[in-house]
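I have placed the structure first, in the form of structure tokens, so that the comments after it can refer back to it.
Rule-based calculations on the coordinates, nothing more; no lab input. The model shown is predicted, which means the values in this text are computed figures rather than measured ones. Using ideal geometry, Cβ is built from the backbone for each residue, glycine included, and neighbour counts are taken over all protein chains shown.
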Amino acid sequence: MACVNEDMMTLEERSLAPAAAPAARADAPTVAPKDAGATSETTRGKGLYYVHTLGCQMNAHDSERISGVLAEKGYVLATEDQVKSKDLDLIVLNTCAVRENATERMYGTLGQWANLKRHNPRLQIAVGGCMAQKDRDRIAKRAPWVDAVFGTKNIASLPGLLDEARNQHTSQVEISEDLSYFPSQLPVTRASRTSAWVSISMGCNNTCTFCIVPSVRGRERDRRPGDILSEIQRTVSAGAKEVTLLGQNVNSFGYSTGDRMAFSRLLRACGRIEGLERVRFTSPHPAAFSDDVIEAMAETPNVMHQLHMPLQSGSDRVLRAMRRSYRTKRFMEILGKVRAAMPDAQVTTDIIVGFPGETEEDFQETMDVVRRARFSSAYIFEYSPRPGTPAASMEQVDPKVVSDRFNRLHALQEQITAEQMRTFEATTVEVMVTGEGRKDSATHRITGRERGGVLVHVGIPEGEATPKPGQFITCTVTKAASHFLLSDPGERAVDGGVYEVREHSTVSLTPTMPTMSAAAHA
Ligand code: SF4
């Protein structure tokens, strides 16, 4: 339940498929997976590997660095078929400590992989990420078949640990507390050539009582703006059209050096990068959401009007117990300013129900804020204690009560989401193609996101070429489903809708986006 939410990605976007061509790199070589798609023994390189990623975009991006480091040392990314048939020499589990029952899930997965190892003695298993950082050498004790355990700040050491484990026949563990280099300096194998993640900071200086992140990722460390911009520039030169800036609290970027305008300046600097068509970021913290960021979002044409801002609770009493430093009045003020400056803004959030001590009255306050805020969607979590966090030792709410509250809040948000989605019907949106959805080949559609980040499946007219990832389609929305939009040729033709494919975004496109209802500006 940290501030970055994994569910914001589709399955397609989360899969760590090899980039079609080398992507940009920050300060070190970009590594295209060697012979990804290899099928014979001669193309296994140092070994076929697969990275299994749990958690948020930060973890998914770390997996791109893990993949880059392995590819540089001669490992070869396994194809989907090789993964399915377990024809692998190395599996890396990049873990998340934020998820419910993270420990049990990790050891459950490792237990299943122990069986694989019995059938394939050459298989090596490595565990990285937040759970590795948290459980350290306990992993090697409970799962001695694991070859390497590496911390969030030890990605570069993975190939050496694997060699050592092979030579010594014993598990190798390397966990550092201090950040001696940013993973962004490592080689990278990007999952997507057109949409790239770029990390701007690591760690978090807050102390939310439900969150494990500060203890596993450490205090916030910001990258130098010049390094970030140069990574973005290289990524764009290699074909990226969209960049998502990543950090636990992107908008406190620069605070450590007393520069409170650093994040808005970074957004404006992104606006000057030629060829960079779309900029997104996740996640901002409400406490640090200042007017200059809203102005930069509204005034920089390639910064998308999309905001994922975690509310967590609508009760000030609960926010205090969570040690969240803003109150609901402030949250709603920010929302009002965002929507006044960008009426088309799509705002999503995270909410925890059943936090220790939450009363029905507190919960009703959350329901009230959700009614007024009219989020496009919300990631709602039932609170469950994370060992090692202060809230885990507070008095817990009865799980049945938590579940009942979840259902009521979920039903309310679903109704609001459906209403918000319907406002897109018959409007024109600009979709950047990200790839094929799971059902797209059967339905002759292509998938992408409109400027606010909403998923759109676009039907391709008879006889027209299939648009490629990174191309832009201006099209009329013919139907809103519960969590995505459809633009189908049949209905477009009947209603005089548009369908136009371009290489570049029309940043000057006048949006015929829905105007939010008055309630949205409450
Ligand atoms: S401690 Fe940091 S990462 Fe965790 S929820 Fe709070 S702000 Fe987000």
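Okay, here's what the table says:
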item: For GLN364, net neighbour charge (Lys/Arg +1, Asp/Glu -1) across residues whose Cβ lies under 14 Å away; result: -3
item: Shape call, segment 379-469: gyration tensor on alpha carbons, a/c limit 1.5; result: prolate
item: Virtual spin-label span in nm between ARG122 and ALA298, 7 Å along Cα→Cβ; result: 6.2 nm
item: Cβ-based net charge around ARG268, under 12 Å, with every Lys or Arg adding one and every Asp or Glu removing one; result: -1
item: Distance between modelled label sites at SER237 and GLU164, nm, 7 Å Cα→Cβ extension; result: 3.6 nm
item: Under 23 Å from LYS241, Cα to Cα: lysines that are on another chain or at least 8 residues apart; result: LYS468
item: Gain on full stretching of the segment that runs from GLU274 to ASN115 - 0.36 nm per residue minus C-alpha separation; result: 52.2 nm
item: Tensor-based shape of the chain (alpha-carbon gyration tensor, a/c under 1.5 rounded, otherwise prolate or oblate); result: oblate
item: Relative contact order, percent, the chain [alpha-carbon distance under 8 Å, six or more residues apart]; result: 12 percent
item: Prolate/oblate/rounded call for segment 354-393, Cα gyration tensor, a/c under 1.5 rounded; result: oblate
item: Extension gain, THR43 back to SER290 (0.36 nm per residue minus Cα-Cα distance, nm); result: 83.7 nm
item: Whole-number percent relative contact order across segment 209-308, with pairs defined as alpha carbons under 8 Å at least 6 apart; result: 28 percent
item: Summed residue charge, Cβ within 12 Å of ARG327's Cβ, Lys/Arg positive, Asp/Glu negative; result: +2
item: Exposure proxy order (Cβ contacts within 10 Å, fewest to most) of THR257, THR428, THR447, THR349; result: THR257, THR428, THR447, THR349
item: Contour minus Cα-Cα distance for ARG219 and VAL83 (0.36 nm per residue); result: 45.3 nm
item: Partner lysines for LYS134 [C-alpha distance under 21 Å; skip if fewer than 8 residues away on the same chain]; result: LYS153
item: Separation of the TYR107 and LYS468 label points, Cα + 7 Å toward Cβ, nm; result: 5.0 nm
item: Given charges at Cβ of Lys, Arg, Asp, Glu: the chain dipole, positive-most of VAL243, ASN407, GLY452; result: VAL243
item: Rounded FRET efficiency, nearest 0.05, which uses the C-beta distance separating THR443 from MET394 and R0 of 51 Å; result: 0.60
